[in-house]
Each structure stands twice: as C-alpha cells, then as structure tokens.
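Trainee: Just dropping this structure here.
A short reminder: the numbers here are calculations on the coordinates, not readings from a lab. Keep in mind the model is a prediction, meaning the values are calculated, not measured. With ideal geometry, Cβ positions are generated from the backbone for all residues, glycine too; neighbour counts draw on all protein chains shown.
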Amino acid sequence: MNASAALPQSATVREVGLRDGLQSLARILPTEQKKAWLRAAHAAGQREIEVGSFVPAKYLPQLADTAELVAFAKALPGLFVSVLVPNLKGAEQAIASGADLMIVPLSASHAHSLANLRKTPDEVVAEVARIRAARDAAGARMLIEGGVGTAFGCTLQGEVTQDEVLRLMQALLDAGADRVSLADTVGYADPAAVGRLFERARALVGDRLWCGHFHDTRGLGLANVYAALQTGVTRFDACLAGIGGCPHAPGASGNVSTEDLAYLLRSMGIATGLDIDALLALRGQLAGWLDGETLHGTLWRAGLPKTLIAA
C-alpha cells in the first residue's frame, strides 16, 4: 500500500472522555465541571463529542446528568452530540434528549458480550431493530451507530475472527443501524491486523464504517490509528488525557489521548480544526479536576515541536 497516497486530507476526532473516560473512574465529576469541559473543548475546535450514556444511575452514577449535558451541548454552535445507549429504554431517553446520534455497543466476543451487556451479540442486534423502530415511530432524525467492540480479540474469550466481526457489522446495518464502527476494546490490535480488518470492513459497508476506536493498552493506539487512516477511515474516538478503558482489560492504560491524536494528525498535514494548545490547556484543567487519578498521554510533557507547521 502506498501510505502517502492513502492518507486523507482531513479527519475528525470525536471526544469520548465525558462518557468512556469518566465512567471508568469511581469519582463523580460535578456537572458544572463537565459543562466547563464541553465549553472549552468546543472552543478548542471539537465538533463531535460523546457527552454521556443513558444507563441507570445505580450502575453509573458518574453519568446520571447525561440529559442535562445533552441540552447544554446542543446549545453550542455546530456541535454534533453523541450518547451511548445499552438498550431500548436508554434509546428512548436518548430520543427524548434531542442528541444527534446514539451509539449502541455490541461486543463481537460472545463471552465479553455476556459479561458486559448480559446479552449475546445477536440479541444486541435484535435490540437495535427495536431501537430503530422506536426512533422511526418518534419521527426523530438522530442517527444510530452500532459500535462493534472486541473486534481484534478479547481478554475473556481470546480470538475473535474477522468473519464474525464482519457478520455482526452487516447484521447491525440490516437491523436498522445507520452507521457502524470498530473498537479495539482490550488493546489487542496491531497495525497489520487493523489494516486487514478495516480494509475488509470498508469493502463490505463503504462509508457506513463511521469510526475507529482504539485503546493504548499496549502502546499501539496511534500506530493503529495510522493503519486505519490508510484504509480511508477519517473519524476516530479519543479521550482527553487518555482516560478510560475497559473493566475487562486488566492493566489497560486507557483510550488514545485526544491531544496526542490531534498532534499526530496535524504533524502529518491532516486537517482537524483543533487548537492543540487549547486542548493542552484543557488537559491541565482536567488534571486539576481529577487530582489523584492516573492520566496518560505524552504531548503534554514535551509540548509541540518548533518545526510543526501551523494548522
């Protein structure tokens, strides 16, 4: 593959720290600090943000204010607001909230699916069909994204075949999902595996392959992003300060860092619309809010190089 010819001219970084990051922490970040995060992220150029999840507060009290955050985020000009929903009840709340997109997680690993969602992968597909029917009945315009996790393997099950991942992607679309995405939930992916699976996925579903979600569990997060970029994917999830991760991936260091990913893209001449200095300033704020928590990423230590061409 000719890497230089394959790279896109622009890419989108979807911030998922307010959901994927904060749900992994025991502490509860006050709603006003979350709003300050949203405000600063928007000012730094972020235009796609996952603000929370509609799950029972008894399970994730960290995300109990999702509806309020959706309302706040929707008032920020040009911001595309995403939420995660685990089932039909959560989807009904998402529809009522007015969010732009709901993400329904599906694990390609049967064992992880049962541990994480208490449903088999095909039961999740059936739930997506019910969610699509509810969305259409409500006359809502929000998009449904089926997020296929453990796409590269699983700490509980071990191997997950590419054929099974592709089968489930197609099943999600057939059930009514508008988009699908692929996630390396437990950090098993490497660039070669990413290239193979994303090439096959793009051939199968084309532009309906919406996003790549990588964890930096074993230090390959950004390398995996690069491999996905070469296949034509232009949207990636990331968490400010690399927080988050999967409870079923012991030792996981969290998601790809937003600020590190923004730097990778800009250094290769791929436009993102992001102000990296502003992102680093926001990371500093977050470090204060999350004092005592383990944060990740490397750009904040070294800063931007003098040779970096202005965006």
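Trainee: About its Cα centre, what dipole magnitude does the chain give when the only charges are +1 on Lys and Arg Cβ and -1 on Asp and Glu Cβ, stated in debye to the nearest 20?
Mentor: Charge dipole, the chain, about its Cα centre: 280 debye, nearest 20.
Trainee: Taking a cut-off of 20 Å between Cα atoms, list the aspartates and glutamates near Lys58, but don't count ones fewer than 8 places away on the same chain.
Mentor: Asp20, Glu68, Glu92
Trainee: Find the Rg to Rh ratio for region 11-138, where Rh is the Kirkwood radius over alpha-carbon pairs and Rg uses the same atoms.
Mentor: Using only Cα positions, Rg/Rh for region 11-138 is 0.97.
Trainee: Could I ask something else about it? Quick check on the chain: what does the Kirkwood estimate of hydrodynamic radius come out to from the alpha carbon pairs, in Å?
Mentor: Kirkwood hydrodynamic radius for the chain: 19.2 Å.
Trainee: While we're on this one: Which three lengths, in whole Å and largest first, does region 179-311 cover when its Cα atoms are put on their principal axes?
Mentor: Projected onto the principal axes, the Cα atoms of region 179-311 cover 44, 38, 24 Å.
Trainee: Report for region 3-302 the percent antiparallel among DSSP-assigned beta bridges with both residues inside it, nearest 5.
Mentor: 5
Trainee: Any idea what the relative contact order of the chain is, in percent, if you count C-alpha pairs under 8 Å spaced at least 6 apart?
Mentor: 20
Trainee: Simple spin-label model, 7 Å along Cα-to-Cβ: Thr298 to Lys89 in nm?
Mentor: It works out to 4.4 nm between the two label points.
Trainee: Would you calculate a helix-derived [θ] at 222 nm for the chain, using -39,500 (n - 2.57) for each DSSP H run of n ≥ 4 and dividing by the full residue count, to the nearest 500?
Mentor: -12500 deg cm²/dmol, from helical runs alone.
Trainee: Another question, then. So between Asp122 and Ala134, what do we pick up on full extension, going 0.36 nm a residue minus the alpha carbon distance?
Mentor: Residue separation times 0.36 nm, minus the Cα-Cα distance, leaves 2.4 nm.
Trainee: Return the subset of Lys35/Lys89; Lys34/Lys119; Lys35/Lys74 for which the Cα-Cα distance in this structure is over 22 Å, preserving the input order.
Mentor: Lys35/Lys89; Lys34/Lys119
Trainee: Calculate the all-directions average of the projected area of region 132-248's alpha-carbon convex hull, and give it in nm².
Mentor: Directional mean of the projected Cα hull area for region 132-248 stands at 7.8 nm².
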